[in-house]
Amino acid sequence: MLRELLAWLATPCPGPARRLGLAAESVAIAFRHRRCARAWTPHLERCQALVLASARACPGRDRAVVLGSGPLLDVPLAELSGLFGRVVLADAVHPRPARRAAAALPNVELLEFDATGLHRDLAGLCRAGRGPLPSPGPPALPGPRPDFLVSLNLLSQLPIRPLAALRRSLADPDEAGLRDLARGLVAAHLAWLPGAAGRVCLVTDLAREVRGEAGVLERTDLLHGAVLPPGEDWEWLLAPRPEARPDADVVHLVRGIADLAGALREVTAG
């Protein structure tokens, strides 16, 4: 715990994102990966392979943006740097290992980016302890429209820490309103993505399952009812026992869509 606390203190992070717990989340991901590296490897390799295949199929090669770049565990950064003239790593928190990796490549830049567009408002609500919940909308991605954009293991995460912070901080949390906010954050991201770049790749968790000897003990919809077009599906052994529970594994079901706009067109045509 002391090492995680020191890492949290040393992690650069904007004030609103830190208040919402995103620096703590970044540190927790890094430490869990150290403990569960072998279990995570197949998932991370699938992510990198899908992102790279999608990027290689992109006709434009000027600018690529990675949303949710985080510690770069699932990002084929060197390959993307070789494919595009400029690569932008966009996240609310860029841990120090990611900063070092980006600094080693001259065409890679870091962007502190709030994919919800609401961190400042939500952090203000947490400070005040009361107030109306904001309505989600599309984020404002600075710079020219990218040729390639990937939302990478980000979509399901958008509501988690903000809602946890609101539940801790609000004097009288409106659970129905918080559920609506979670659905709205996911829906707004999905509505914005297809037109956000020349080619868009999406990788996201769909559901969380707790699996014991008797089978699935719990199942949680991580996208709050949102439905995605077909893609490549696989499982991520997020927390093999006893990481989260002594008697069960935690598994995330993941979908990767190499061409989101194309997949949506196929669904509409069908």
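The values are calculated or read from the model by the stated rules, or taken from the named source; none is laboratory data. Quick caveat: nothing in here was measured; it's all calculated off a predicted structure. Note: ideal-geometry Cβ built from the backbone for every residue, glycine included; neighbour counts use all protein chains shown. Ligands, DNA and RNA are stripped out before the accessible areas are found, and what is left, the full protein with its side chains, is counted by its heavy atoms. Shrake-Rupley method; radii C 1.70, N 1.55, O 1.52, S 1.80 Å.
In terms of its alpha-carbon gyration tensor, segment 115-200 comes out prolate; a/c meets the 1.5 threshold, and the first ratio a/b outweighs b/c.
Please give the net charge around S156, taking every other residue with its beta carbon less than 11 angstrom from that of S156, where Lys and Arg add +1 and Asp and Glu add -1. Once all neighbours under 11 Å are counted, the net charge is 0.
Solvent-accessible area per residue in segment 110-240 equals 46 Å², computed with a 1.4 angstrom probe and all protein chains kept.
For segment 128-270, what does the alpha-carbon gyration tensor say about shape, rounded, prolate or oblate, given a ≥ b ≥ c as the root eigenvalues, a/c under 1.5 as rounded, and a/b over b/c as prolate? It comes out oblate by the Cα gyration axes. Count Lys and Arg as plus one, Asp and Glu as minus one, and take only other residues whose Cβ is under 12 Å from that of C47; the net charge is then -2. The slack in the chain from A187 to R61, taken as 0.36 nm per residue of separation less the alpha-carbon distance, amounts to 42.5 nm. Extension gain for the segment A103 to E232, taken as residue separation times 0.36 nm less the Cα-Cα distance, is 43.2 nm to one decimal. Between E243 and E112, the modelled labels are 3.0 nm apart [label points 7 Å from Cα along Cα→Cβ]. Which of the three applies to segment 161-233, rounded, prolate or oblate, going by the alpha-carbon gyration tensor with a ≥ b ≥ c and a/c under 1.5 meaning rounded? Oblate shape, in that a/c is at least 1.5 and b/c is the bigger or equal ratio. Length available on full extension from R168 to C36: 0.36 nm per residue minus the Cα-Cα distance, which gives 44.6 nm. Expressed as a whole percent, the accessible area of the chain that falls on carbon and sulfur atoms is 55 (1.4 Å probe). Rolling a 1.4 angstrom probe over the protein heavy atoms with all chains in place gives segment 32-101 an accessible area of 43 Å² per residue.
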